[in-house]
């Protein structure tokens, strides 16, 4: 087995929207960098989602810096259109993406205060860099409650990341756990072929119906509030961050009335356990279903980062994506990294620009320190 080492100024881990947007700004700086993507193809994470998925934001707010999304401003792109757009984006700006590189380990060689380099390993390949941007987002491993293992073995269970189409399910009732955007849209789709129960707290709804004239008029106001008012720098933003972490973003397209009209039984009680092999709600009600779809989100999985940067919740400790305790390490694409739009396609560009600026500032400071060093060649 051969071992190869490649050195760069900056390594971006993740070739999704966060990584590509960061690459766009580093490219403009003329910086030496590489983007490492685990999948064999850019956009795979989007292509793997359920067949009918459309973005929850219109095309006007679904583009990356330098290249608007190629669709009507008010259209809602499909998942495959978004995947194709990301591929086209990388080609348009000739971004140095290496696909099929699954990272095993990220650590630092030496001491942070000496400016020693980070080491990234992927199988028999080794990469070194002064800066690393983790752009894998905040959605890694499906967050399925432990009690799911106690359900009857003949109940078909899928996480939202595995669900693709109604034909995957058995005949009979379906319990959709989690009433956010994914849960509501999947429940509505399945209502055409199954009896549906949707369990979970209501996250609220956007004030207008998607695609209407009023929606088109008010959308810029909503986007401004979510991206410029609900930020980590404002009291209302910090309060919103705590609430959204627990409940998710408001429903973008599906309204409670839509679910009711489709015959979906909306249960505001949470699913909390199992009794006699069947799902049990917090009010003690037992649901006799043959399918369960877990729309319960994801949990972080940073086990490959071997650096002391995480809090008790498993999330990285950072300031707007800058890991102060590990100079040169950054994140882009995290939920509410700087604002409520940080993890959305149209919002990630602002954080990417900020992190690229931080990298440029650090590089300039290191160059100045080297030039001012009293050591001279003998």
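Read the figures in this text as sums done on the coordinates, not as results from a lab. If you're wondering where the values come from, they're calculated on a predicted model, not measured in any experiment. Note that we place each Cβ from the backbone using ideal geometry, even for glycine, and neighbour counts take in every protein chain shown.
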> Relative to the longest principal Cα axis of the chain, at what angle does helix 235-247 sit, 0 to 90 degrees, rounded to 10?
Replying inline: 60
> Where does the Debye-calculated log10 I(q)/I(0) of region 209-269 sit at q = 0.18, 0.19, 0.28 Å⁻¹, using only Cα point scatterers of equal weight, no solvent?
Replying inline: -0.84, -0.89, -1.11
> Given region 1-147 reduced to its alpha-carbon atoms as identical point scatterers, what log10 I(q)/I(0) does the Debye formula return at q = 0.11, 0.14, 0.16 Å⁻¹?
Replying inline: -0.48, -0.74, -0.91
> What is the antiparallel percent of DSSP beta bridges lying wholly in region 143-294, to the nearest 5?
Replying inline: 25
>> If you average the alpha carbon positions of region 4-74 and of region 157-194, how far apart do those two centres end up, in angstrom?
In response: 28
> When the chain is modelled as a GNM with alpha-carbon springs shorter than 10 Å, which of 351, 154, 104 fluctuates the most?
Replying inline: 154
> Which order do peptides 18-27, 181-190 fall in by mean Cβ count within 10 Å, highest first?
Replying inline: 18-27, 181-190
> Using the Cα atoms of region 32-84 to build a convex hull, what is its mean projected area in square nanometres?
Replying inline: 4.5
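In percent, what relative contact order does region 142-277 have, based on Cα pairs under 8 Å that are 6 or more apart in sequence?
Reported relative contact order: 33 percent.
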> Given the Cα atoms of the chain, and with Rh set as the inverse mean 1/r over their pairs in the Kirkwood sense, what is Rg to Rh to two decimals?
Replying inline: 1.01
> Using helices alone, what [θ] at 222 nm do you get for the chain, with -39,500 (n - 2.57) per DSSP H run of 4 or more residues, divided over all residues and rounded to the nearest 500?
Replying inline: -8000 deg cm²/dmol
> Which angle between 0 and 90 degrees, to the nearest 10, do you get for helix 213-224 versus the longest principal axis of the chain when only C-alpha atoms count?
Replying inline: 40
> What do you get for Rg/Rh over region 295-376 if you use C-alpha atoms and the Kirkwood form of Rh?
Replying inline: 1.09
> Counting pairs of alpha carbon atoms under 8 Å apart in space and at least six apart in sequence, what relative contact order in percent does region 78-165 give?
Replying inline: 14
> Using only the Cα atoms, what convex hull volume per residue in Å³ does region 143-294 have?
Replying inline: 124
> For helix 17-29, what angle does its Cα long axis make with the longest principal axis of the chain, in degrees from 0 to 90 and rounded to 10?
Replying inline: 20
> So in the chain, what percent of DSSP beta bridges are antiparallel if you round to the nearest 5?
Replying inline: 40
> How high is the relative contact order of the chain, in percent, with contacts defined as C-alpha pairs under 8 Å that are six or more residues apart?
Replying inline: 22
